[in-house]
Amino acid sequence: MSRSRVVSIFVVAAVALATGFLVAGQVKVQLLTPSNQVARYQALVRSVQQLEASNADSRQKIAALRSQIDALEAIAAQRSAATQALQNQVADLRAHAGLTTLRGPGVEVDLANGVPGLDSSSEPGYLVNFKDVQDLVNLLFARGAEGIAVNGRRITPLSAFSGSEGQVIIDQGPPVTAPIRLSAVGDRNRMEAALSDPSALSDIRAREVQFQLQVSFSGGPDLALPAYDSSLDTRHVGTL
Amino acid sequence: MSARSRATGRSPRASSRAIGVWLIALLVAIVATVQIRSQAEVERSFTGTDTTSLAFLIDDLHRANDSLAAETADLTQRQATLKSGSDSAADQVLTDEANRLRAAEGLVPVHGPGVVVVVSAAGLLALDLQDALNNLGVGGAEAIEVNDRRVVVGVPVEQTPGGVTIGGVLVPPPWTISAIGDANRLAQAADLMTQQMRADRRVRQATYRVEADVVIRAVVTARPFVYGTGP
C-alpha cells in the first residue's frame with residue numbers, strides 16, 4: 001500500500017469520526033430541546049414582553065392623569081379658600097406618599113452583580129436580589145432618607161419587593177435587574193455614615209467578599225426623584 | 001508515461017477519492033455550523049430565566065396590570081368629577097384623596113378584612129421581621145401593625161442590643177402582626193410565611209387567622225421634610 005493511500009485513508013477516517021461526533025452532538029441537542037419546548041419558551045417570553053409593554057403604557061397613562069387632575073384641582077382651588085386649604089393638605093400628603101417629584105441632597109447607591117462561585121449548588125449569591133434592595137431601602141430610610149427611588153421607580157409607604165434570582169420586582173412595575181441604582185434624598189451625612197458602617201448590610205458585605213458583588217455609593221447636593229407612577233391600592237381599608 | 005505526466009496527471013480513481021474527501025469535508029463543515037449555531041441558540045434562549053420563573057412573572061404582571069387598570073379607572077372617574085366644575089365635587093374628590101393617602105401613610109386608624117399572624121420565637125432579628133412585613137406587603141397588605149406599632153415603608157425596623165425596635169420602640173416577641181388587604185391573597189402569603197417560620201428552630205409557634213374586620217388603631221407620626229423639596 002502506498003504512503004499516500006495510507007494518509008488518505010487516515011484523513012477519511014478522521015473526517016468520518018469528526019462527522020460522527022458532530023452528528024451525535026446535534027441529535028443530542030435536538031433531543032434535549034425539542035422544537036416545541038423552545039417555541040413554548042419563546043411564547044412565554046413574548047407574553048412577558050407584551051405584558052411589560054402594557055404595564056409601561058398604563059404607568060404613563062396614570063402619570064398623565066395625575067398631572068391633569070393636579071391642574072383641575074388647582075383651578076378649583078382658585079375659586080374657594082376651603083378648596084385651597086384642602087388642596088394644600090393633599091399636596092403635602094402626596095409628597096410624603098411619593099406621588100410627586102422630590103429634590104434635595106442625598107446619596108446614590110450602585111449595585112452590580114459579582115461573579116459566580118465555584119460551588120454551583122449554592123444560592124446565586126453573586127446576583128443582586130430583591131432582598132438587597134429591600135435591606136438598602138430600610139437602611140436608608142432608617143438613616144435619614146425622606147424619599148427613595150430604585151432605578152427610577154419611587155418607593156411609597158406601601159411598597160413591597162419580590163423577585164427570583166437576579167430579578168427585582170417593586171410594586172406593580174416590571175422586573176429590574178442589576179445594575180441597580182438607588183437614589184435617596186435626605187440627610188446625606190447620616191446616610192453616607194450608614195453606608196460606610198461595616199456592621200450594616202451584613203449579607204451584602206459578606207457577598208462582596210465571597211462573590212465580588214459590587215456596591216458603591218456617592219453623595220450629591222441635588223438629586224431628583226421621580227413621582228410614583230403606579231397604584232397606591234387602599235381599596236380594602238376604611239378609616240375608623 | 002513520463003515522469004512529468006506522473007507528477008501532474010491524476011487517475012480517475014484518485015480524482016473520485018479526492019472528490020469524496022472534499023464532499024465529506026463539506027458535510028463536516030455544514031454539520032459543525034448547524035451544531036454550533038444550534039447550541040448558541042439554545043444557550044441564548046435559556047439564559048437568565050427558566051420557564052417556571054417566567055410563568056410566575058406572567059402571573060405577577062397580570063396582577064400588576066389589573067391593579068394599574070383599576071387605578072386608571074379610578075383616576076379617570078376623579079378627572080371627570082373635577083371637570084364637572086362644581087366646588088362641592090372638587091372638595092369631595094380632595095377629601096377622599098386625603099383620607100386615602102392618610103390611610104396609606106399610616107396616619108389614621110383603619111379597619112378592614114385581613115389576617116392576624118402570631119409569631120412566638122426567641123432570637124428572631126429585625127431582618128426576620130422586615131422579611132415578614134415585606135411578605136405581607138407583596139401579599140397586598142394595605143395597612144400593617146406589629147404589637148400595636150403601625151408600620152409603613154420608611155418606619156425604621158431595627159436591631160438593637162435590647163431586641164427589635166419599630167420606630168425606636170422595643171417590640172419583644174411574641175409578635176402579633178395585623179394586616180389589612182385582600183383577605184385571600186393575605187391568607188396565601190401568611191400561610192406560606194408561617195410554614196417557613198415553623199421550619200426555623202428559633203420559632204416556637206407561628207400561626208395566622210383570617211378576620212373579616214381587622215382593626216388597626218396605631219398610627220405613624222407625620223414627619224415634615226427637612227432636606228427634600230417638592231415640585
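The residues on offer are B:183, B:212, and the sole one that is touching a helix residue (DSSP H, G or I) at 6+ places or on another chain (Cβ under 8 Å) and either more than 26 Å from residue A:227 (Cβ to Cβ) or charged (D, E, K, R) (or both) is B:212. Among the residues in region B:167-174, are any crowded, with 23+ Cβ neighbours inside 10 Å and not in a loop (DSSP other than H, G, I, E, B)? No, region B:167-174 contains no residue that is crowded, with 23+ Cβ neighbours inside 10 Å and not in a loop (DSSP other than H, G, I, E, B). Taken across region A:160-177, residues that are aromatic (Phe, Trp, Tyr) and facing another protein chain (nearest Cβ under 8 Å) do occur, with at least one present. Pairs are defined by a Cβ separation below 6 Å, a sequence spacing of at least 6 or placement on different chains, a first member in region A:90-116 that is on the phi < 0 side of the Ramachandran plot, and a second member that is of a type in the set (Val, Ile, Thr) and not in a strand (DSSP E or B); the pairs so defined are A:94/A:100; A:97/A:156; A:111/A:128; A:113/A:128. Do we have residue B:105 as out of contact with any strand residue (DSSP E or B) (no Cβ under 8 Å at 6 or more places or on another chain), within 7 Å of chain A (Cβ to nearest Cβ) and in contact (Cβ under 8 Å) with a residue 24 or more places away in the chain here? It is true that residue B:105 is out of contact with any strand residue (DSSP E or B) (no Cβ under 8 Å at 6 or more places or on another chain), within 7 Å of chain A (Cβ to nearest Cβ) and in contact (Cβ under 8 Å) with a residue 24 or more places away in the chain.
The set of residues from region B:201-218 being among the hydroxyl-bearing types (Ser, Thr, Tyr) and surrounded by fewer than 17 Cβ atoms within 10 Å (Cβ to Cβ) comprises just one member, B:207. Selection within region A:97-107: residues that are touching a Leu at 6+ places or on another chain (Cβ under 8 Å) and at the interface with chain B (Cβ under 7 Å from one of its Cβ atoms). The member of this set that is nearest to residue B:107 (Cα to Cα) is A:97.
Out of region A:203-231, which residues are touching an Asp or Glu at 6+ places or on another chain (Cβ under 9 Å) and either part of a strand (DSSP E or B) or without any contact (Cβ under 8 Å) to a residue 12 or more places away in the chain (or both)?
Keep residues of region A:203-231 that are touching an Asp or Glu at 6+ places or on another chain (Cβ under 9 Å), which gives A:203-204, A:207, A:213-220, A:223, A:228, A:230-231.
Residues satisfying the conditions are A:214, A:215, A:216, A:217, A:218, A:219, A:220, A:223.
Taking region B:176-200 as the range and being more than 12 Å from chain A (Cβ to nearest Cβ), closer than 26 Å to residue B:107 by Cβ and surrounded by fewer than 21 Cβ atoms within 10 Å (Cβ to Cβ) as the test, only B:176 passes.
The residue that is surrounded by the fewest Cβ atoms within 10 Å (Cβ to Cβ), among those in region A:179-203 that are of a type in the set (A, V, I, L, M) and within 12 Å of chain B (Cβ to nearest Cβ), is A:200. The residues of region A:77-96 that are over 30 Å from the mean Cα position of the chain (by Cα) and at the interface with chain B (Cβ under 7 Å from one of its Cβ atoms), listed by number, are A:79, A:80, A:82, A:83, A:86, A:87, A:89. Just one residue in the set B:101, B:125, B:94 is more than 28 Å from residue B:212 (Cβ to Cβ) and not assigned by TED's automatic domain parsing to the domain that holds residue B:202; that residue is B:94. The residues in region A:184-208 that are hydroxyl-bearing (Ser, Thr, Tyr), under 17 Å from residue A:137 (Cβ atoms) and more than 22 Å from the chain's Cα centre (by Cα) can be counted, and the count is 0. On inspection, residue B:154 fails the criterion of being of a type outside the set (Asp, Glu) and surrounded by fewer than 23 Cβ atoms within 10 Å (Cβ to Cβ).
Going residue by residue through region B:140-156, is there one that turns out to be over 25 Å from residue A:228 (Cα atoms), part of a strand (DSSP E or B) and away from chain A (no Cβ under 12 Å)? Yes, region B:140-156 has at least one match. Residues in region A:62-99 that are surrounded by fewer than 15 Cβ atoms within 10 Å (Cβ to Cβ) and assigned to a loop (DSSP other than H, G, I, E, B): A:78, A:79. So, of the residues in region B:60-95 that are more than 7 Å from chain A (Cβ to nearest Cβ) and under 18 Å from residue A:64 (Cβ atoms), which turns out to be surrounded by the most Cβ atoms within 10 Å (Cβ to Cβ)? The selected residue is B:93. Scanning region B:113-137 for residues that are within 10 Å of chain A (Cβ to nearest Cβ), farther than 15 Å from residue A:157 by Cβ and under 14 Å from the mean Cα position of the chain (by Cα) yields B:131, B:135.
The values are calculated or read from the model by the stated rules, or taken from the named source; none is laboratory data. Keep in mind that this is a model prediction, so the values were computed, not measured. With ideal geometry, Cβ positions are generated from the backbone for all residues, glycine too; neighbour counts draw on all protein chains shown.
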